[in-house]
Amino acid sequence: MTDRLEPGATAPAFTLPDQTGAPVSLADFSGQKVILYFYPEAMTPGCTTEACDFRDSLNSLKSAGFSVIGLSRDKPEKLATFTHEGNLNFPLLSDPDLTVHNAYAVWGEKKLYGKTVTGVLRSTFVIDEQGSITLPLYNVKATGHVASLRKKLGIDA
């Protein structure tokens, strides 16, 4: 596992397929602020809660100049179903080989129901217009995360 990313680090570049199979690159958002969040698995309770919180907060985040991108190991077909069922209004990207997960240091050991397992560390990165990470948040909770993030960023509902 790569060392965790710190504020000021350059966000690792990537190009991955979205829920429609179309390629999406971090470079596509050059000059924009981005919230990139990693979640373990589409259509699970916690990931659905988090995705719907981002969906419901998207207008306030966009008003503050942020684009939102979700990223998981799920294949584009599953992401398409997740997008449709959750009425999600932002891109979900597929990284089944974990290349981007490893670049952002979000794949590793974690506690799950008292057991140590290897998996996705639910994490969020705020990236500025120049492509630098301004706020790396590792091991966040699904419930309440978006509200906490908005508060850290000074964004009202």
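The values are calculated or read from the model by the stated rules, or taken from the named source; none is laboratory data. Here the structure is a predicted model, which means the values were calculated and not measured. A quick note on method: Cβ atoms are made from the backbone with ideal geometry, for glycine too, and the neighbour counts reach across all protein chains shown.
Here are the numbers:
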quantity: Residue match in the stretch 90-110 (condition: modelled with pLDDT under 95, more than 24 Å from P23 (Cα to Cα) and not acidic (D, E)); calculated: yes
quantity: Total residues in the stretch 97-140, condition part of a loop (DSSP other than H, G, I, E, B) and under 23 Å from T49 (Cβ atoms); calculated: 9
quantity: Residue, surrounded by the most Cβ atoms within 10 Å (Cβ to Cβ), within the stretch 98-139, restricted to residues that are aliphatic (A, V, I, L, M) and without any contact (Cβ under 8 Å) to a residue 60 or more places away in the chain; calculated: L137
quantity: Residue match in the stretch 32-39 (condition: free of Cβ contacts under 8 Å to residues at least 40 places away in the same chain, surrounded by fewer than 16 Cβ atoms within 10 Å (Cβ to Cβ), outside any helix (DSSP H, G or I) and of a type outside the set (K, R)); calculated: no
quantity: Lone unmet requirement of (1) part of a strand (DSSP E or B); (2) at pLDDT 95 or above for K78; calculated: (1)
quantity: Selected residue (only one of V117, V100 is among the β-branched types (V, I, T) and within 13 Å of the chain's Cα centre (by Cα)); calculated: V100
quantity: Tally, over the stretch 14-38, of residues that are over 26 Å from E109 (Cβ atoms) and not polar (S, T, N, Q); calculated: 13
quantity: Residue match in the stretch 58-81 (condition: aliphatic (A, V, I, L, M), farther than 23 Å from R4 by Cβ and free of Cβ contacts under 8 Å to residues at least 40 places away in the same chain); calculated: yes
quantity: Complete set of residues in the stretch 1-31 that are of a type outside the set (A, V, I, L, M), in a loop (DSSP other than H, G, I, E, B) and out of contact with any helix residue (DSSP H, G or I) (no Cβ under 8 Å at 6 or more places or on another chain); calculated: D3, R4, E6, P7, G8, S30, G31
quantity: Of residues in the stretch 137-154 being in contact with a Lys or Arg (Cβ under 7 Å, 6 or more places away or on another chain) and within 20 Å of E6 (Cβ to Cβ), the one modelled with the lowest pLDDT; calculated: N139
quantity: In the stretch 51-75, residue farthest from F14 (Cα to Cα) [restricted to those that are more than 12 Å from the chain's Cα centre (by Cα) and not in a helix (DSSP H, G or I)]; calculated: A64
